[in-house]
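Any read-out appearing in this document is the output of simple, stated calculations on the displayed coordinates, not a laboratory observation. Remember, predicted model here, so these are calculated numbers, not experimental data. Here the Cβ positions follow ideal geometry from the backbone for every residue, glycine too, while neighbour counts run over all protein chains shown.
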Amino acid sequence: MSTAEVIFEKAKHLPDGLQSEVLHFVEFLLTRSEPEAEDKEWASFSASQLLTAYGPEDAVYDEE
C-alpha cells in the first residue's frame, strides 16, 4: 500500500473538521515546494538575460 493510500485510509476515519485540516496541510505542503522551482526558473532567466546584455568588451568593468 502506498503512502498516499495509507494517508487516505487513516484520514477517512477522522471527523469532517479534521479531514479539512489534513487537506489544508497537504495544500500547504504543495505550495511550500513551488517557490523553490519558481526561484530556480527566475535565476535561470536572469542569468540568460545577463549573458545577452553583456559582451566580452564589458569585461573591463570586472577588473579592479
### Summary
Cβ-Cβ cut-off under 14 Å around residue 25, Lys and Arg +1, Asp and Glu -1: the net charge is 0
### Query
Out of the chain, which trypsin sites (Lys or Arg not before Pro) are coil in DSSP terms and have no more than 15 other C-beta atoms within 10 Å?
12
### Message
As I understand it, the dipole of the stretch 5-64 uses +1 on the Cβ of Lys and Arg and -1 on the Cβ of Asp and Glu, about the Cα centre. Which of 44, 20, 54 lies farthest toward its positive end?
### Response
20
### Query
Hey, got a sec? Which chymotrypsin sites (Phe, Trp or Tyr not before Pro) in the chain land in a DSSP loop and have at most 15 other Cβ atoms within 10 Å?
54
